[in-house]
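Novice: Quick one: this structure, given as structure tokens, is what I'll be asking you about.
The values are calculated or read from the model by the stated rules, or taken from the named source; none is laboratory data. Note that the structure is a prediction, hence the values are computed from the model and not measured. Cβ atoms come from the backbone with ideal geometry, glycine included; neighbour counts cover every protein chain shown. Ligands, DNA and RNA are stripped out before the accessible areas are found, and what is left, the full protein with its side chains, is counted by its heavy atoms. Shrake-Rupley method; radii C 1.70, N 1.55, O 1.52, S 1.80 Å.
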Amino acid sequence: MQTFFSSLSQLEQFTASLESQASAYVCQFCSQNSQWVSHGYVYKQRDYRQRDIVGKRMICSQRYGRSGCGRTRQLYLQQVVPGRHYLLTTLLAFIKSLLSGSTVKHAWQAATAKPHQEPRQAWRWLNALIKQQGLFRTFIKSRPFSEPPLRSFSSRRFNILLPTINQLLHAITLYFN
């Protein structure tokens with residue numbers, strides 16, 4: 001089942017058509033295929049006044065004569081990184097700024113447009129990216145392409161991580177174009 005959608009209207013259209021396409025989407029927990037019901041929106045809180053819709057929730061319903069398991073599944077808009085506060089565009093701006101030679105602090109402040117905040121979250125992002133480095137390299141290795149040149153970085157950690165991410169971005173660009 002598709003998890004990411006390009007627009008909210010496309011996501012709404014998909015969840016509205018669940019009843020007619022029930023046999024195509026099987027619940028991964030109970031293997032039922034005709035129990036999906038739209039179950040509200042998924043929000044991200046931007047500040048204390050504003051929350052944005054970033055997806056929809058579906059439930060494998062066990063009510064009103066249905067025999068599902070009651071578990072939910074979330075569907076997201078494609079610009080959202082699930083479980084993260086910032087959008088994918090912010091993360092990519094941060095990475096591109098690092099690749100161009102900015103310090104972590106300057107890259108963080110430029111990407112988030114928050115000039116007076118400490119870059120603690122940036123270091124969390126870098127740690128999360130390092131944990132996923134094996135997955136990135138597997139993706140890169142499975143797709144042949146010519147490697148773009150990249151300069152050397154000041155820390156050992158960046159000399160390992162940033163060339164891998166640069167290759168990943170290049171491979172993804174070639175893959176989707």
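Novice: For the range 89-97, indicate whether the set of residues that are closer than 23 Å to Ala128 by Cα, at pLDDT 85 or above and in a loop (DSSP other than H, G, I, E, B) is non-empty.
Specialist: Looking for residues that are closer than 23 Å to Ala128 by Cα, at pLDDT 85 or above and in a loop (DSSP other than H, G, I, E, B), one finds none in the range 89-97, hence no.
Novice: If we scan the range 132-153, do we find a residue that is surrounded by 12 or more Cβ atoms within 10 Å (Cβ to Cβ), within 23 Å of the chain's Cα centre (by Cα) and at pLDDT 85 or above?
Specialist: Yes: the range 132-153 contains one or more residues that are surrounded by 12 or more Cβ atoms within 10 Å (Cβ to Cβ), within 23 Å of the chain's Cα centre (by Cα) and at pLDDT 85 or above.
Novice: Moving to a separate point now. If we keep just the residues of the range 37-51 that are touching a Ser or Thr at 6+ places or on another chain (Cβ under 7 Å) and either closer than 30 Å to Ala113 by Cβ or of a type outside the set (Val, Ile, Thr) (or both), which is most open to solvent (accessible area, probe 1.4 Å)?
Specialist: His39
Novice: If you check Ala107 against the conditions, is it within 20 Å of Arg157 (Cβ to Cβ) and touching a Ser or Thr at 6+ places or on another chain (Cβ under 7 Å)?
Specialist: Spelling it out, Ala107 is indeed within 20 Å of Arg157 (Cβ to Cβ) and touching a Ser or Thr at 6+ places or on another chain (Cβ under 7 Å).
Novice: Any chance you could count how many residues in the range 75-97 are of a type outside the set (Gly, Ala, Ser), farther than 14 Å from Gln121 by Cβ and either more than 10 Å from the chain's Cα centre (by Cα) or open to solvent by 40 Å² or more (accessible area, probe 1.4 Å) (or both)?
Specialist: Qualifying residue count for the region: 8.
Novice: Another one. Considering each residue of the range 7-23, count those that are within 17 Å of Thr72 (Cα to Cα) and modelled with pLDDT under 80, and give that number.
Specialist: Summing the residues that are within 17 Å of Thr72 (Cα to Cα) and modelled with pLDDT under 80 in the range 7-23 gives 3.
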